[in-house]
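Undergrad: Structure in structure tokens, see below.
What follows is calculated from the coordinates using simple rules that are stated; it is not laboratory data. Quick caveat: nothing in here was measured; it's all calculated off a predicted structure. Cβ atoms come from the backbone with ideal geometry, glycine included; neighbour counts cover every protein chain shown.
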Amino acid sequence: RDPLVVGFFTEHEGLREIMVRMRRILSPAGGADARVRPALLVAAISGAVLHPFVRDIDDQILREELLRMGRRYLGMPV
């Protein structure tokens, strides 16, 4: 809810397009679930990469773990 971040996302056309594409890819169906699932996943990833618990984990290892967990969350093959 940071006004600067919200403003950046609403004013930056490239980011808006990425968010629309991500939502279509992650949840092609309609309804509330189709909007909440990707929002929760994006929020979880955003929070995880900034969290002090993972500060010392190599970027590539963190990326692999996030991909594995994200795929599991979405019900995709791991």
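Undergrad: What area, in nm² and to one decimal, does the C-alpha convex hull of the chain cast on average over all directions?
TA: 6.3
Undergrad: Hey, another quick one. Which of the peptides 9-15, 70-76 is most tightly packed, and how do the rest follow, going by the mean number of other Cβ atoms within 10 Å of each residue? Provide the component values of the computation, followed by the final result.
TA: Working: 9-15: 9.9, 70-76: 12.0.
Those peptides, ordered most packed to least, come out 70-76, 9-15.
Undergrad: Gain in length, ARG68 to ARG24, computed as 0.36 nm per residue apart minus the alpha-carbon separation, to one decimal in nm? Mind dumping the intermediate values first?
TA: Numbers: separation 44, 0.36 × 44 = 15.84 nm, distance 1.98 nm.
Here the answer is 13.9 nm.
Undergrad: Given the options ILE25, ILE45, ILE61, which has the most mean-square fluctuation in a GNM of the chain, springs set between C-alpha atoms less than 10 angstrom apart?
TA: In this elastic network of the chain, the residue with the biggest mean-square fluctuation among ILE25, ILE45, ILE61 is ILE61.
Undergrad: Residues with beta-carbon under 11 Å from that of PRO77, excluding PRO77: net charge, scoring Lys, Arg +1 and Asp, Glu -1?
TA: Working: positive: ARG68, ARG71, ARG72; negative: none.
Summing Lys and Arg as +1 and Asp and Glu as -1 gives +3.
Undergrad: Label ALA48 and VAL36 with points 7 Å out from Cα along Cα→Cβ: what is the distance between them in nm?
TA: Result for the modelled spin labels: 2.0 nm.
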